[in-house]
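Note sheet for the following structure.
Since every read-out is calculated from the coordinates, none of them should be taken as a lab result. Fair warning: this is a prediction, and the values are worked out from it, not measured in the lab. No Cβ is skipped: glycine too gets one built from the backbone with ideal geometry, and neighbour counts run over all protein chains shown.
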Amino acid sequence: MARKTKKQTRGILAAIIVLVIAVGVLAYLNRGDLDRKKELETQAEFALTYESAEHRVTMQDILALGPVDFTTVVRTSTAGPRNVTFRGVELRRVLEKYGIPINEDSTIEVMALDGYVSVIYGDEVLEEENVYITIAMDGEPLKPKSEGGSGPYYLVIRGTEFAQRWVKFMEEITVQ
């Protein structure tokens, strides 16, 4: 019995060592990505990628498009519905500014700083007053994650019943 316990203990220790090494290697490989994420957040920028081109979209770029205020209902699994007023620019206008074509069959991946990814379809983006990149909520500018906020950019999809597809801490949009 003691011999079997020793073998099991060695097996567990070997598995722990392998996991620790794997975590270390993955952390090392992702280090550059973390630096990029931090830079995007501190500079209040997000990456916009289409084919081989990547654009860095700044807050000045968003402000130049003339953000508008709109009210929508926010429903979450933890709170009842409530009206919230956002300020933002329709995603389709941002794509137009950078000459990125979009059609009903396009697929748009929106990634957050924390690794969350939401997929939006071209028909949703083309629908007027539906998909927005927001910069303010209830009259207050969105704060970055490091300050306990949900910004500096928050992707809002008005045509969805619940906010689970919305993207806080938005850092990258990839159009396919």
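Things to note:
- Debye, to nearest 20: dipole size of region 101-176, +1 on Lys, Arg Cβ, -1 on Asp, Glu Cβ: 360
- Normalised by 2.2 N^0.38 Å, where N counts its residues, the alpha-carbon radius of gyration of region 48-130 equals 1.22.
- Most fluctuating residue given options Ser118, Ser77, Ser106, as computed from a GNM of the chain linking Cα atoms under 10 Å: Ser77
- Cα centre as origin, Lys/Arg/Asp/Glu Cβ charges: the chain dipole, Debye: 1720
- Between Ile17, Ile120, Ile133, the Gaussian network model of the chain with springs among Cα atoms under 10 angstrom shows the greatest mean-square fluctuation at Ile17.
- Only aspartates and glutamates eight or more places from Lys145 in sequence, or on another chain, were considered; those with a Cα closer than 19 Å are Asp33, Asp35, Glu39, Glu41, Glu45, Asp114, Glu171, Glu172.
- P(r), alpha carbons of the chain - 5 Å bins starting at zero, rounded %: 1, 8, 14, 18, 17, 11, 7, 5, 4, 4, 3, 3, 2, 1, 0
- Spin-label pair Asn103-Arg3: with each label point 7 Å from Cα along the Cα-Cβ axis, the two points sit 7.1 nm from one another.
- For Phe169, the residues 5 or more places off, or on other chains, whose built amide H falls under 5 Å of its own are Gly151, Tyr153.
- In percent, rounded to a whole number, the relative contact order of the chain is 22, using alpha-carbon pairs under 8 Å and six or more apart.
- For region 89-176, the Kirkwood hydrodynamic radius comes to 13.1 Å, computed from all pairs of different C-alpha atoms.
- Of all DSSP beta bridges in region 33-176, antiparallel share, percent nearest 5: 90
- Label-to-label distance, nm, for residues given as Thr76 and Leu13 (7 Å Cα→Cβ offset): 4.6
- Rounded to 10°, Cα long-axis angle of helix 2-42 versus longest principal axis of the chain: 30
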